[in-house]
Structures are given as structure tokens and as C-alpha cells.
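Below is the structure I would like to discuss, written out as C-alpha cells.
The values are calculated or read from the model by the stated rules, or taken from the named source; none is laboratory data. Quantities reported herein were computed from a predicted structural model and do not represent experimental measurements. Every residue, glycine among them, receives a Cβ derived from its backbone with ideal geometry; neighbour counts consider all protein chains shown.
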Amino acid sequence: MSIIRLFLFGSILFSACNGEEGIDADDLYVPAGYALSAGTSTVFTRSTFAYDSDASWLSGTYKSRFNSGDRLYDDVRTSSNGLGGGLGPVYAGYSCGSCHRNAGRTKPALWSEGGSGSTGFSAMLIYITRKNGAFFQNYGRVLHDQAIYGIKPEGKLKVDWHYAQFEFPDGEPYELCYPTYTITEWYADSIPAEELFCSVRIPLRHVGLGQMMSLDPKEIEALAAKSNYPEYGISGRANYISERGVRSLGLSGNKAQHADLTVELGFSSDMGVTNSRYPEEICEGQIQMEQGSMMGLSYDQLDISAEEMEDVDLYLQALGVPARRHVNDEQVKRGEQQFFAAKCHLCHVTTLHTRPQGSTLLLGTRLPWLGNQTIHPYSDYLLHDMGSEIMGVGLNDNYVSGLARGNEWRTTPLWGIGLQETVNGHTYFLHDGRARNFTEAILWHGGEAEASKQLFMHFPKSDREALIAFLKSL
């Protein structure tokens, strides 16, 4: 489900800091219980690199490969065979790090530019389908709003924001806003709005991916089997994906629509970087290919090797998870109590376990250090209905992914979420960034989370603020 669906738990950990000022004695004490967010992969930093620090178990060849993957993640791809190489002809991001700055969520142009804007980069993905679920022949599943010099992008996104004023039961005012989308500058035939579903996704935080890929599927499936709380209208279910002829439990992505970290797909679909799994250009058969050929571009080689992509996979899975902060602050402790009182923990499950063997990378390299860990992601990694209407609209994006319907979203892991503003300079949440802060993210919860939202809304203001302080401690 989208980025906040608030269910957290624990007494838990916090973060000391690497060479930063202003550390209280309270911050240097790790309490008993849920002291380590991600076991041996927990890192104690609150800096802009809180998401982008390697786990302490890395050493030797693995450390070298991690550094190589880090460079490939951040390298700006080019439109020729220079540094990086292989960008385009059309694309959504010019590097992994362009959308995931410091392994986080680059500030999207949805608010600052009103869509694709004029800056040349928007940090978002634009999904389009026909209203019957079919893709458009001339576009595919993603509308690429960027292109290399001399090439026409597939289209541009324009966002209109709509606002409505509300009050909490105690009279405190608040505002919610939601987007409507218009596609302009289609490279081919214009598609009438009445035939189009458009769903925009801002980047996900790359926190705890190795732990996610090491989860014991049986534990997640057991959660789905018992994740039924009729008194609150909650009933989570697993997504299953068939890829390469294998049916697997879906874990990654907004709708748990992928069984892996989509490194190969990301290079291909997001950047136009061809690879062994996706050897064709993403605009194969489109006029952009002809335009590129006229400019001297060659399409007869792969832009990145399988070995390089496995290094990126290693980088992502070996990143540390930031520990909690301010856990002994009285307001934070009160907020944790309110988190449970609002039943947030029923979906944002606090404690999970990784399987004994850890995870396996793209080419079969094993990471046993990720095995046998007790972790605290604040997620059940299951699908939940979040799509009830608010202001006549809701979180239903009409986009089907695997078994996930448009109104279903994977419970977003909340570990590290309190550092997003530090790492990326913004507090835009949910799949499309419509929530401008934690409170708005909670208030957009509907469907299975309606009961929790109502409990939160009826808390006294001091308890609402305490719950937000708890979220910021994660």
C-alpha cells in the first residue's frame, strides 16, 4: 500500500550518529528489545547518507563489488558509448540515483513543476493503460517523458492539484489535495482522456531491500492466512508473480508486483539501457529509433553486462538500515502507544524474520549474512484495499499488477521513513506524492485502514502529534 499506512510497533532502536553534532545522551542508549532494525545490517547514522551506507558485514571482494555497484547506480548514463553508456533514446531517469538520490526518493517535479515541467527531469514514472487494461501499441506500459538530444519524448505530464478543507472532530483544520493528470505532446496519436487510465509513481526508498529479498515466504503467507481482522475490516493477501516460467511470491514494488529488485527491468524501462534480459530498446518500432539512427546511434550491442547488474543488485541488498532515534523521548513513547491504540500494527507488522540462507543475487551469488535475522520493517508486505473514496476520489489508480487490483497496495515498510526529509529534502508520501506530510498520508488511508484512520482522527491533538513524532523516530 502507499507510503504510509501506519502500523508500527516495538520499543525499539534509534540512531547514534557518525560524526554529527547535537547527540543527546538519550540518543546513545539502545534499549532492550527491538534494538536493531535490521539485525547485523543496522547502521547508526542520521545524515543524508542514512539510506546509502553499507552494512558492516561487507568485506573483501563483496565490498569491492558493492562499490562497483554503487558507481553504476549513480553513474549518469550517456547517449553514446561514453561513461555509463546506453541512455535512451527515450527514458524516465538518466541513472538509478537520479530518481533515488542517496538511495531514497528524489524530490519529484509533480509539485514544483506541475508535472514533467521544463527542467528536463521529473523523477517519476507515468503508467498508462486503456480503460480495459490493455496497453497502447505506440507506448507500452510507461510513458517516457524524457529523451536524449534530438529525439522526441513519448509525451509530457501535466498535473492539476485540487484542494479541500476539513476539520478533525476537535475542530482543528486540515487540508487534503489530490492530482488529476493530462498527457500533452504525444509523440504519436493523441489518446483521448476518456480512453486512458494514468497512474503516476514517485520513487520508492531503497531501504531494507536485502532483508526483503531474504524474507521467509512461509512467514508472509502465514500472515496472509491469518491477516483477517473483521472487526476492523482488514484482510491482507499475497501477490504472486510469474516470471521466467516460475511463480513466486511478490514482495517489491508499490503493489508487490515483482519477485526481485527489478534491476534488469529498471535499466531497460527507466533508462533505455539494454541488457541480456531485455535486449531490445524500449522504443523498438517507434520513430525515436529512426531518429537515433539518423543521429548515428547504434543498437547492435548491449549497454550493460549481467555481471555489472549483479553488482548493482549486491549494492542494493547490502545497504544498511538506519536505526531508530529518540526512543526514550516521552512524546515518542506516547506516540508508540497510540500507534498500537489505532491498530496500525495490524498491517505495519513490526517483526519479521529472514530465512536461514539469506538472499541470492541475479547470477546466483549468495548473501548468507542476511540470513537468520530478526528485523523490524513495519510491514506485512501484503496487499490491502486502500481505495475507498475521499473527496470523490481515493487511492484506486485502476492499475492492475499481477493479482493486485487498482485499489490494492502493498503495505509500505516504514523503517527509515523519519529520515526522508533529511536524505531527500521533502516529505511527499504515498505512491503519487499527494500527501505533503505524515498527517495527510494517514488521512488518505481508506478501505481496510479506515478504522485506524478514524481512531487517529478522534485522538486528542497531543496524541496525534505524539504518533507523528513516533513515525519520525523510525
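Determine which member of the set Ala103, Ala123 is touching a Pro at 6+ places or on another chain (Cβ under 7 Å), within 30 Å of His376 (Cβ to Cβ) and not acidic (Asp, Glu).
Of Ala103, Ala123, the one residue that is touching a Pro at 6+ places or on another chain (Cβ under 7 Å), within 30 Å of His376 (Cβ to Cβ) and not acidic (Asp, Glu) is Ala123.
Further question on the same structure: For the range 180-195, name all the residues that are crowded, with 18+ Cβ neighbours inside 10 Å and closer than 18 Å to Gly406 by Cα.
Selection gives Tyr181 alone.
List, please: which pairs have Cβ atoms under 8 Å, are six or more places apart or on different chains, and start with a residue in the range 167-190 that is charged (D, E, K, R) and at pLDDT 95 or above and end with one that is in a loop (DSSP other than H, G, I, E, B) and surrounded by fewer than 17 Cβ atoms within 10 Å (Cβ to Cβ)?
Asp170/Pro460
Say we look at the range 361-377 and pick out the residues that are out of contact with any helix residue (DSSP H, G or I) (no Cβ under 8 Å at 6 or more places or on another chain) and in contact (Cβ under 8 Å) with a residue 60 or more places away in the chain; which of these is nearest to Leu223 (Cα to Cα)?
His376
Identify the single condition in (1) surrounded by fewer than 24 Cβ atoms within 10 Å (Cβ to Cβ); (2) closer than 21 Å to Tyr127 by Cβ; (3) of a type outside the set (Lys, Arg); (4) touching a helix residue (DSSP H, G or I) at 6+ places or on another chain (Cβ under 7 Å) that Ser276 does not satisfy, given that it satisfies every other one.
(2)
Looking at the range 396-410, which of its residues are closer than 17 Å to Ile241 by Cα, touching a Ser or Thr at 6+ places or on another chain (Cβ under 7 Å) and either at pLDDT 95 or above or among the acidic types (Asp, Glu) (or both)?
Trp409
Is it the case that some residue within the range 385-392 is charged (D, E, K, R), in a strand (DSSP E or B), buried (at least 18 other Cβ atoms within 10 Å of the Cβ) and touching a strand residue (DSSP E or B) at 6+ places or on another chain (Cβ under 9 Å)?
Yes, that holds for at least one residue.
Could I ask something else about it? Which of the residues spanning the range 438-473 are in contact with a Phe, Trp or Tyr (Cβ under 8 Å, 6 or more places away or on another chain) and of a type in the set (Phe, Trp, Tyr)?
Answer for the range 438-473, where residues must be in contact with a Phe, Trp or Tyr (Cβ under 8 Å, 6 or more places away or on another chain) and of a type in the set (Phe, Trp, Tyr): Phe438, Phe470.
Can you tell me how many residues in the range 112-124 are surrounded by fewer than 23 Cβ atoms within 10 Å (Cβ to Cβ) and on the phi < 0 side of the Ramachandran plot?
Selection size over the range 112-124: 5.
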